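Reviewing the structure listed below.
The values are calculated or read from the model by the stated rules, or taken from the named source; none is laboratory data. Please read all numbers here as calculations on a predicted model, not as lab measurements. Positions of Cβ are backbone-derived with ideal geometry, glycine not excepted, and every protein chain shown enters the neighbour counts.
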Amino acid sequence: MKASAMRKPRSATRARPLPPGTSLSEEPAYVALKELGGNQGPIGCWRVRSALQAAGIVTSEATAGRLLRGLDLQGLTRAIGSRGRVLTSKGRRHLAVLERSRRLRSYHRGLLQAVRAESVEDVVDLLTARRAVETETARLAALRATKQEVQEIEQAVYRHIEETHRRGTASEQNRVVHSLIARASRSGILQAIVNVLLQEEYLQEINAYIQHATGKIMPEDHLLILRAIKDRQSKRAAEAMQAHLDRLLRAAQSYPARPKAASRRRVMEAHTRSP
C-alpha cells in the first residue's frame, strides 16, 4: 500500500485564517498578548494556539506562528531561541492599553443596555438620570456657550414649539434642543452621557405619549432655559432645566399604565391614534 494511502483523513474542522494585515486591536492579537503577558517565561506557539482556541478562535499552529511573527515585527514580542517568546516592555504597555480600551467598551455596552427603555418605569429611571446630568449641562452652557451656539439652541427651541403645536409631538426636535445644550456645556463627558440617554427612540416616543395623554405637553419650558442661557445666568439655567425635567418626571409617574416591551406596539398604536 502506498504511503499516501496510509495518511489519516484531514479533520472536517477547518482553521479560520486570520485576515491579512491583522490589527493589533483585534481579538487574536489581544489573546496572544494576554497569554504571553500572563507567563513569567517564554511560551511556544502551541500555547498561543491553545489560548486562541479557548477564546473560540479556531486557528492552525502555522497561523498562530504568523500572528506571533507579526507581533515580533511590531516590537511587542521577542523570540528567546527555541524556547518561545516573551512580551517586550513595549508589548506590556500595549497590552495595558488594549485592556483599558476593552474595559471602556464593556462599560459603554453596559450603559447602552441600561438605557434601553422597556417600560414606563424605565422612562422614569432615565428621566431621573437625565435630571442629574442635564441640570449641570444647562448651568455650564450658560457660562460657556458661544453666540453661535446660543443662536442654534434658540432656533431649535422655536422649531420644537412650532412642531409640537402643529403636530402634537416633536420628539426629534426635543432631542435636538437637549443635545445642543449639552454640546454648549463644553463638557465632552456630559455631552456623551446626554447623547446616550437621548438616543433610545422608544424613550422619546413613550415620553411624548405620556405627555400627550396626561395633557402636559411642555415645549415652552425650553424658553425659560434658553433665556437663562442667553442672559448668562447659570444658576437660573440649572433651575429651569431641573424644573422642566421634574415636570416630565411627574407626568411619567402619574401615567397609570405600565406597558412592557411586549406591549410596545399597542402603546405606539395608541400614540398614533391620540388626537
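Values computed for the structure shown
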item: Subset of region 145-169 (residues that are in a helix (DSSP H, G or I), buried (at least 20 other Cβ atoms within 10 Å of the Cβ), touching a helix residue (DSSP H, G or I) at 6+ places or on another chain (Cβ under 7 Å) and not hydrophobic (A, V, I, L, M, F, W, C)); result: His160
item: Selection within region 175-188 - farther than 17 Å from Arg131 by Cβ and either assigned to a helix (DSSP H, G or I) or small (Gly, Ala, Ser) (or both); result: Val176, Leu180, Arg183, Ala184, Gly188
item: Selection status of Gly38, on the phi > 0 side of the Ramachandran plot and not β-branched (Val, Ile, Thr); result: no
item: Residues satisfying the stated conditions in region 66-103, i.e. in a loop (DSSP other than H, G, I, E, B) and among the polar types (S, T, N, Q); result: Gln74, Ser82, Thr88
item: Restricting region 125-144 to residues that are of a type in the set (Asp, Glu) and in contact (Cβ under 8 Å) with a residue 24 or more places away in the chain, the residue that is surrounded by the fewest Cβ atoms within 10 Å (Cβ to Cβ); result: Glu136
item: Considering residues of region 81-92 that are surrounded by fewer than 14 Cβ atoms within 10 Å (Cβ to Cβ) and at pLDDT below 90 only, the residue nearest to the chain's Cα centre (by Cα); result: Arg83
item: Failed item, numbered, when Val133 is tested on (1) modelled with pLDDT under 95; (2) within 18 Å of the chain's Cα centre (by Cα); result: (1)
item: Residue among Glu172, Glu136 that alone is closer than 20 Å to Lys230 by Cβ and assigned to a helix (DSSP H, G or I); result: Glu136
item: Any hit, region 27-44, residues being in a strand (DSSP E or B) and modelled with pLDDT of 85 or more; result: yes
